[in-house]
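Below: the structure, in structure tokens.
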Amino acid sequence: MKVQLQVIVLAAAALAVSPGAALAQGFKPTRPVELVVHTGPGGGSDVLARAIALMVEKEKLLPVRMQVVNKSGGQAAVAAAYLAEKKGDQNTIGLFTGVWLTTPLISAEAKVTLRDLTPVARLVLEPAVIAVKADSPHKTLAEFIEAAKKNPGQLKQSGGSSTSRDNVVRQLLQKSTGARWSFISFPGGGERIAALLGGHVNIMVIEPEEAGEHIRAGNMRVLAQVSETRLPKYPNVPTLKEAGFDVPVVPQVRGVVAPPGIPRENVEFWQDFFARLTRTAAWRKYIEENQFEDGYQNAADVTKFYDEFTDRMREILKDAGVKTVR
Amino acid sequence: MEILSGLMQGFAVALEPVNLFWCFAGVLLGTVVGILPGLGPPATIAMLLPLTFQMNPASAMIMLAGIYYGAKYGGSTTSILMNVPGESASVVTCLDGYQMARKGRAGPALGIAAIASFIAGTVGVLGLMLVAPPLAKFALSFSSPEYFALMSLGLAMVVLLAGRSMAKALLAALVGLWIATMGTDLFSSTSRFAFGRMELLSGIDFVVVAIGVFALGEVLSNMEEREEAKPLPVPKGLRILLPTLQDMKDCRFAFANGSIVGFLVGVLPGAGSTIASFLSYGIEKAVSRRRDQFGNGVVEGVAAPEGANNSETGGALVPLLTLGIPGSGTTAILLAALVLWGFKPGPLFIPEHPALFWGLVASMYIGNVMLLVLNLPLVPLFAQVLRLPVYVLYPLILGVSIVGVYTVSGSMFDLALLIVFGLLGYLMRKLDYPSAPLILGLVLGAGMERALRQSLMMSEGSLSILVSRPISAVLLSLAVLILLIPLFSTVNAWRLQAVAQDDA
């Protein structure tokens with residue numbers, strides 16, 4: 001009886017293979033789509049994911065609902081492992097950021113890299129600006145760098161962890177100019193701003209939208225922007241290159257991955273879905289309001305991006321004295 | 001006058017029937033979320049965020065804030081009845097609240113928690129309304145050295161949480177500090193004590209440890225004592241189910257203490273309601289005349305922390321609304337909500353959107369009254385839970401603990417940790433180690449280490465930064481004073497002994 005059952009199951013599985021491929025041609029999600037993020041509610045990826053879920057609902061981009069699943073912990077390693085476990089699952093995707101690429105570089109415990117998952121698309125690049133308190137003596141980035149050169153290690157920058165973009169920008173600037181200033185890590189974005197506004201540190205790298213209100217209130221001044229071209233809302237602030245610092249622009253990146261082992265049709269479906277999403281008016285408005293840059297790339301380009309990003313990060317981390325394990 | 005007219009405008013907004021409805025919906029949902037361990041306000045608000053896009057922003061803000069402060073009311077319920085903290089800010093409520101329940105005073109404990117929440121919650125809103133802008137400036141003068149001093153003050157409280165043996169209390173606190181170091185170090189990005197597990201890369205969630213040590217440990221050690229396996233006493237009659245006049249008198253200082261400490265700590269973006277509740281409990285015990293009875297079920301040991309975690313809400317809204325700086329998970333998602341609705345939270349938010357700000361303030365006065373009216377009648381009802389026979393109650397506690405931990409992270413690994421910490425809690429009870437110092441060390445450890453390292457980076461390695469800044473010097477002196485309290489009591493005991501001998 002048991003053997004018979006096995007035969008039937010095997011036969012069914014064999015049958016399922018060929019029509020499966022044909023069905024996937026017109027792949028449609030069959031149950032609510034899980035959008036996995038590596039932060040808890042309120043984190044950057046979580047907010048973006050919920051905004052996407054809302055657009056999906058409003059614009060009716062999917063026949064099913066999209067629900068956000070928070071797999072926080074392990075500096076994105078938990079979320080990456082969760083996606084790896086969902087091997088072959090066609091109704092699950094995840095939102096990645098740079099930390100998904102950096103964590104496996106520095107933590108032996110984080111075994112799943114983005115190369116182990118299926119790339120789908122890159123969505124946005126988040127530019128940044130370099131800000132000082134409004135009453136700071138440094139009027140330009142060059143002045144700040146000069147001051148840092150005169151007093152090595154005495155000026156301070158508030159930022160996130162040692163692998164955050166904040167520190168990467170600092171490392172690149174230090175390397176190209178020979179200036180030295182210290183970097184103080186704060187876990188929360190609020191604490192970083194409070195440290196600058198309270199006069200406890202001298203400079204910080206901040207998201208343009210966050211800085212906007214403090215500039216308008218006259219508490220903050222922006223010295224330069226970390227982007228290739230000037231942001232529409234900062235027409236008079238030079239980019240790093242224009243300010244005389246020819247360092248690579250390191251964007252904060254957000255994109256989409258899928259579990260490993262999904263059929264090509266499924267990848268194409270998601271690629272097409274996100275291409276459609278990024279063309280909607282709601283998406284354009286969201287990007288503009290948050291001052292993000294449209295960073296859409298398809299699966300093939302994202303893979304190239306992974307390698308470039310990882311190589312550059314490895315070098316930067318080495319300069320920063322952080323040990324890499326991969 | 002400006003405040004008065006603002007408040008009038010605010011009540012005009014908050015008293016609109018639709019806003020009253022959403023305010024009620026928010027506080028009701030908040031109470032439920034607070035009662036359920038694990039499911040916290042940030043997750044609830046995140047889930048409801050899509051719904052709020054159909055609402056007008058004032059109603060939405062009023063509802064989401066209602067969830068935020070409503071949850072603080074509900075958080076005490078399972079702490080008192082089951083020794084399962086409903087929210088991280090209600091962990092310290094377990095200490096005296098659960099002991100009161102064991103003595104048949106679950107009703108008064110729940111009642112005083114609601115009353116303290118109401119008083120302090122209202123004071124918190126008053127503070128938000130009256131002193132928000134100047135206080136926000138004060139919060140900015142607070143930086144790493146001050147945070148280190150504040151947390152040292154908190155950690156000094158360990159001498160007050162010790163049971164019979166100071167050595168055992170210090171050892172428990174050290175274990176707490178050690179657990180706090182687990183995870184990826186923010187400064188060097190290296191993993192510490194991860195034992196090869198990626199789940200440990202971001203450390204251990206404090207709620208898992210608290211539920212394990214308190215609730216599971218309690219159930220395990222109670223199951224062992226078979227003759228004790230009878231239901232906890234619940235007196236009949238409504239009157240004994242509510243706090244007595246004497247209870248209210250005993251709590252006079254606790255109400256003020258909780259209100260002020262909670263609000264001030266709330267204003268600081270780097271502290272939070274858990275620290276506020278521990279600090280106010282410690283202060284309450286330090287100044288109390290019946291210090292030795294704390295931990296055995298004194299009513300002010302419930303009133304102080306429950307008050308503090310409610311006025312913290314008003315405080316935490318100060319940096320959020322005046323500067324656009326969030327201090328906790330919940331305020332971070334409120335900030336995200338404001339941005340998604342098209343507002344720009346920042347220094348100009350209140351002057352540019354007075355109706356929204358004052359509507360929120362007014363709705364919080366109304367919401368606190370609603371919560372009191374909602375929660376007091378629930379007291380006798382909830383107290384009945386303890387009538388359940390132990391073979392129902394204990395599995396119920398276990399179930400609530402497991403579901404609570406699972407909803408925090410959705411991870412089986414955390415459930416395994418829960419069992420580990422349950423066993424640890426059981427062993428600590430067997431060997432007479434107090435569990436509160438462990439939790440205290442865990443709550444303060446990570447922040448304290450970070451603040452010290454940040455301070456030393458600011459001062460380029462000189463420890464003098466900790467004492468050369470006035471606020472931090474004052475806080476550190478207070479910490480030293482608290483450390484000396486046991487010494488005073490020992491000297492006092494010697495003196496009394498000597499006097500007694502002289503008399504004899």
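Laboratory data are not the source of any read-out in this text; all were calculated from the coordinates shown. These numbers come from a predicted model, not from an experiment. Positions of Cβ are generated from backbone atoms using ideal geometry, with glycine treated the same way; all protein chains shown enter the neighbour counts.
Between residue B:166 and residue B:355, what is the spin-label point distance in nm, taking each point 7 Å from the Cα along the Cα→C-beta axis?
Between residue B:166 and residue B:355, the label points sit 6.2 nm apart.
Dipole of region B:2-503, Cα-centred, from +1 at each Lys and Arg C-beta and -1 at each Asp and Glu C-beta, to the nearest 20 debye?
520 debye
What is the distance in Å between the Cα centroid of region A:127-185 and that of region B:400-476?
32 Å
Pairs of Cα atoms under 8 Å, at least six residues apart: use those to get the relative contact order of chain B, whole percent.
With pairs under 8 Å counted, the relative contact order is 29 percent.
Once both labels are modelled 7 Å past Cα along the beta-carbon direction, what's the residue B:464-residue A:150 spacing in nm?
2.3 nm
Which lysines does residue A:175 reach when only Cα atoms under 20 Å apart count, and residues fewer than 8 places away in its own chain are ignored?
Partners found: A:149, A:150, A:156, A:241, A:318, A:323.
If you take the square roots of the eigenvalues of the alpha-carbon gyration tensor of chain A and sort them as a ≥ b ≥ c, do you get rounded (a/c under 1.5), prolate (a/b over b/c) or oblate?
In terms of gyration-tensor shape, prolate.
Where a Cα-Cα gap under 18 Å defines reach, which aspartates and glutamates qualify for residue B:137, not counting those fewer than 8 residues away within the same chain?
Correct list for residue B:137: A:135, A:191, A:213, B:146, B:312.
Given Cα pairs under 8 Å that are at least 6 residues apart, what percent is the relative contact order of region A:128-226? Spell out each step's value before the answer.
Numbers: 160 pairs, mean separation 48.8, N = 99.
Relative contact order of region A:128-226: 49 percent.
What is region B:17-151 by shape, rounded, prolate or oblate, if you read a ≥ b ≥ c off the alpha carbon gyration tensor as root eigenvalues and call it rounded for a/c under 1.5, prolate for a/b larger than b/c, and oblate otherwise? Each step should come with its number before you reach the end.
Values: a/c = 1.81, a/b = 1.14, b/c = 1.59.
Taking the square roots of the gyration eigenvalues as a ≥ b ≥ c, region B:17-151 is oblate.
Taking K and R as +1 and D and E as -1, what net charge do the other residues with C-beta under 14 Å from the C-beta of residue B:492 add up to?
Spelling it out: positives minus negatives among the neighbours equals +2.
Mind running the shape call on region B:2-503? Use the C-alpha gyration tensor, a ≥ b ≥ c as the square roots of the eigenvalues: rounded below 1.5 for a/c, prolate if a/b tops b/c, oblate otherwise.
Rounded, since a/c falls under 1.5.
Going down the table (A:28/A:285; A:111/B:344; B:72/B:344), which pairs top 29 Å between alpha carbons?
Details: A:28/A:285 27 Å; A:111/B:344 40 Å; B:72/B:344 27 Å.
Beyond 29 Å: A:111/B:344.
Suppose only helical runs count, i.e. DSSP H with n ≥ 4. What mean residue ellipticity at 222 nm does that imply for the protein assembly as shown under -39500 (n - 2.57) per run, divided by all residues and rounded to the nearest 500 deg cm²/dmol?
Dividing the helical sum by the residues of the protein assembly as shown leaves -20000 deg cm²/dmol.
Which of the lysines could be linked to residue B:168 by a straight reach, that is with a Cα gap under 21 Å, when you skip same-chain ones fewer than 8 residues away?
B:285, B:430
Using alpha carbon coordinates only, what is the Rg to Rh ratio of region A:128-226, with Rh defined as the Kirkwood radius?
Here Rg/Rh amounts to 0.92.
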